[in-house]
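Presented below is the structure to which this report refers.
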Amino acid sequence: MSTITRTVRNLWKVGIRDYFHQMNYIGDTKAGTLIGQDRFGNKYFEDVDELPRTCRRRAIMRRATATPTNERAGNVANIPGPVRTRWVDYKNHDFDAAQIEPGWHAWMSYAVDKAPSQDPTLAYKRRAWEDTDYKTIPNYTQTRGAYKPYNTVKPKHTAWEPVAAPRQ
């Protein structure tokens, strides 16, 4: 949960419509820049102003001096506490984490500095074996559609069934 001053500041930055949208779907107010959009229509945002001042300076310097050898090195190594500077606004509001592409997931979890919209090696490329329809397969865990394995091998033991003598 955020502080009152942060909430009011973000309300002022994003406006009433986006404020209620964010409170409805992510339960917090966030203001940042749109970094990119994936093929599913999900929008990815970042706000470096949320970082503590020393970490913010380091992040800006790291972006300015990024080279191919150090761009993937530990992005948030010296940042204390949880970092909440990157987030996704899902297109479908019945969202699932499987709706995030691998490149965007790496960026969201701070494994890489550059987003797939800025780095062509992380951008999505359709493989030959993939369908042309790019729908995701939803995660059916804890639902009726979940995978349940079955066994066709004869059991090696039989369960004991007690036989009770009839009462006299």
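The values are calculated or read from the model by the stated rules, or taken from the named source; none is laboratory data. None of the values given here were measured: they were computed from a predicted structure. Neighbour counts are summed over all protein chains in view; Cβ atoms, including those assigned to glycine, are modelled from backbone coordinates with ideal geometry. Just the protein is used for accessible areas: all its heavy atoms, side chains included, with ligands, DNA and RNA removed. Shrake-Rupley method; radii C 1.70, N 1.55, O 1.52, S 1.80 Å.
The table for this structure:
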quantity: For Pro138: the one exception among (1) touching a residue at least 12 places away in the same chain (Cβ under 8 Å); (2) more than 17 Å from Arg39 (Cβ to Cβ); (3) not hydroxyl-bearing (Ser, Thr, Tyr); calculated: (2)
quantity: Some residue of the range 93-107 being of a type outside the set (A, V, I, L, M, F, W, C), open to solvent by 80 Å² or more (accessible area, probe 1.4 Å) and modelled with pLDDT of 85 or more; calculated: yes
quantity: Selection status of Ala128, small (Gly, Ala, Ser) and more than 22 Å from Lys43 (Cβ to Cβ); calculated: yes
quantity: The lone exception for Asp89 - which of (1) at pLDDT below 85; (2) surrounded by 10 or more Cβ atoms within 10 Å (Cβ to Cβ) it fails; calculated: (1)
quantity: Residue tally, condition part of a loop (DSSP other than H, G, I, E, B), in contact with a strand residue (DSSP E or B) (Cβ under 9 Å, 6 or more places away or on another chain) and either in contact (Cβ under 8 Å) with a residue 40 or more places away in the chain or over 17 Å from Tyr44 (Cβ atoms) (or both), over the range 96-125; calculated: 5
quantity: Lone qualifier among Arg72, Arg39 - being in a loop (DSSP other than H, G, I, E, B), at pLDDT below 80 and among the basic types (Lys, Arg); calculated: Arg72
quantity: Residues of the range 1-35 satisfying the condition of being basic (Lys, Arg), surrounded by 11 or more Cβ atoms within 10 Å (Cβ to Cβ) and assigned to a helix (DSSP H, G or I); calculated: Arg6, Arg9, Lys13
quantity: Evaluation of Arg63 against (1) closer than 26 Å to Thr141 by Cα; (2) at pLDDT below 85; (3) charged (D, E, K, R) (one fails), failing number; calculated: (1)
quantity: Residue check, Ala146 more than 23 Å from Gln22 (Cα to Cα) and surrounded by fewer than 10 Cβ atoms within 10 Å (Cβ to Cβ); calculated: yes
quantity: Test: residue in the range 120-133 that is open to solvent by 70 Å² or more (accessible area, probe 1.4 Å), modelled with pLDDT of 70 or more and touching a Phe, Trp or Tyr at 6+ places or on another chain (Cβ under 9 Å); calculated: yes
